Amino acid sequence: MTRIVPPLRLGVNIDHVATVRNARGGALPDPVRAAQLACAAGADGITAHLREDRRHIRDADMRRLKDVLLVPLNFEMAATDEMVALALELKPHASCLVPERREERTTEGGLDVIGGGIDLAHKVEALSHAGIRVSLFVAPDEDQIARAADIGAAVIELHTGAWCDFIAAGEHDAAQAEFARLRAAAEQGAKLGLEIHAGHGLDFASAETIAALEPVRELNIGHFLIGEAIFVGLEGAVRQMRAAMARGRAHVGTDKAA
Ligand code: PXP
């Protein structure tokens, strides 16, 4: 019998197009144009992180993205009153709630869903009630994932940053152990009825590896793709990423599955 493997979506994060734009203060390069190009090259969705300090994406970018995109928009944001109010006004397809600290260069660590208590639960409820799919960006931690399901999140996005850092540092055993945690977390989350996404620090090789985990349904990738676009163009980078994901996905259910 032919095995039906659920598709794996690619969400392209265009934050760092805005980083380059903001370095000069003008309007170029335009992150919305990059988003449209990424979609034409095969992205299934676009992610943008409106940080509290507006260091890359700005409010006007989010509005333009919402207006012009024909694919789902994933509004990545801190779980603050300001951001929840903006999301409720904008009504993106999804909101991915992430921890955010001003001094960090990028999102470090997963959201403390347990520590977020009733306040976080209310924010998840308010967003969900407005028809927004709520995703919680979490480390592969059993208790945090159980709590994410308890408070009604539709999705968890597993933080792959630590795994990618171990790979980059050549720490093979630590990378393998972290990957085992990601796999267990994906399985746990799927059993709890959560949709499983993954992201942070992924490149062609790591995306290919994680694509072989059947419960994972979406990868969100930004920095590497925008960097690679310098060399092969954004279209080429997105196409190569899709090819890497397809190679990995072909291993689902085989003895080559990661
Ligand atoms: N997913 C989440 C929740 C993130 O915070 C980020 C970084 O903004 C990404 C995915 C993409 O990470 P990267 O830019 O390293 O591919």
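From the list ALA198, ALA175, exactly one residue is in contact with a Phe, Trp or Tyr (Cβ under 8 Å, 6 or more places away or on another chain) and either at pLDDT 95 or above or more than 24 Å from VAL252 (Cβ to Cβ) (or both). Which is it?
Only one candidate passes the filter, namely ALA175.
What is the residue count in segment 26-58 for residues that are among the hydroxyl-bearing types (Ser, Thr, Tyr) and more than 11 Å from the ligand (Cβ to nearest atom)?
So the answer is 0.
Which members of segment 128-169 meet the condition of being open to solvent by 10 Å² or more (accessible area, probe 1.4 Å) and assigned to a strand (DSSP E or B)?
ARG133, GLU157, HIS159
In segment 63-80, how many are part of a strand (DSSP E or B) and surrounded by fewer than 17 Cβ atoms within 10 Å (Cβ to Cβ)? Don't jump to the end; show me each part of the working.
Of the residues in segment 63-80, the ones part of a strand (DSSP E or B) are 73-78.
Next, only the ones that are surrounded by fewer than 17 Cβ atoms within 10 Å (Cβ to Cβ) stay: none.
Summing the residues that are part of a strand (DSSP E or B) and surrounded by fewer than 17 Cβ atoms within 10 Å (Cβ to Cβ) in segment 63-80 gives 0.
Return the residue satisfying two criteria in turn: it lies in segment 200-258 and is out of contact with any His (no Cβ under 8 Å at 6 or more places or on another chain), hydrophobic (A, V, I, L, M, F, W, C) and within 10 Å of the ligand (Cβ to nearest atom), and of such residues it is most open to solvent (accessible area, probe 1.4 Å).
PHE224
So which residues in segment 112-127 are open to solvent by less than 20 Å² (accessible area, probe 1.4 Å) and touching a Leu at 6+ places or on another chain (Cβ under 8 Å)?
The answer is VAL113, LEU120, LYS123, VAL124, LEU127.
Taking segment 171-199 as the search range and keeping residues that are within 16 Å of the ligand (Cβ to nearest atom) and of a type in the set (D, E, K, R), which one is least open to solvent (accessible area, probe 1.4 Å)?
Filtering first and then ranking leaves GLU178.
Look at segment 1-15 and say how many of its residues are more than 16 Å from the ligand (Cβ to nearest atom) and either open to solvent by less than 20 Å² (accessible area, probe 1.4 Å) or aliphatic (A, V, I, L, M) (or both).
So the count comes out to 3.
Where residues in segment 93-106 are farther than 19 Å from GLY201 by Cα and away from the ligand (no atom under 14 Å from the Cβ), which of them is surrounded by the most Cβ atoms within 10 Å (Cβ to Cβ)?
Taking the candidates together, the pick is HIS93.
It is to be established whether one or more residues within segment 16-25 are part of a helix (DSSP H, G or I), within 30 Å of ALA212 (Cβ to Cβ), open to solvent by 10 Å² or more (accessible area, probe 1.4 Å) and within 16 Å of the ligand (Cβ to nearest atom).
yes
Within the set of pairs 6 or more residues apart or between chains, which connect a residue that is in contact (Cβ under 8 Å) with a residue 24 or more places away in the chain and of a type in the set (A, V, I, L, M, F, W, C) inside segment 10-22 to a residue that is in a strand (DSSP E or B) and open to solvent by 20 Å² or more (accessible area, probe 1.4 Å) with Cβ atoms less than 6 Å apart?
Partner pairs satisfying both residue conditions: none exist.
In this structure, is THR47 open to solvent by 40 Å² or more (accessible area, probe 1.4 Å) and among the β-branched types (Val, Ile, Thr)?
no
The values are calculated or read from the model by the stated rules, or taken from the named source; none is laboratory data. Everything numeric here is computed off the predicted structure, so don't read it as measured data. Here Cβ is always computed from backbone atoms with ideal geometry, including for glycine, and neighbour counts include all displayed protein chains. We work out accessible area using only protein heavy atoms, side chains counted, and drop any ligands, DNA or RNA first. Shrake-Rupley method; radii C 1.70, N 1.55, O 1.52, S 1.80 Å.
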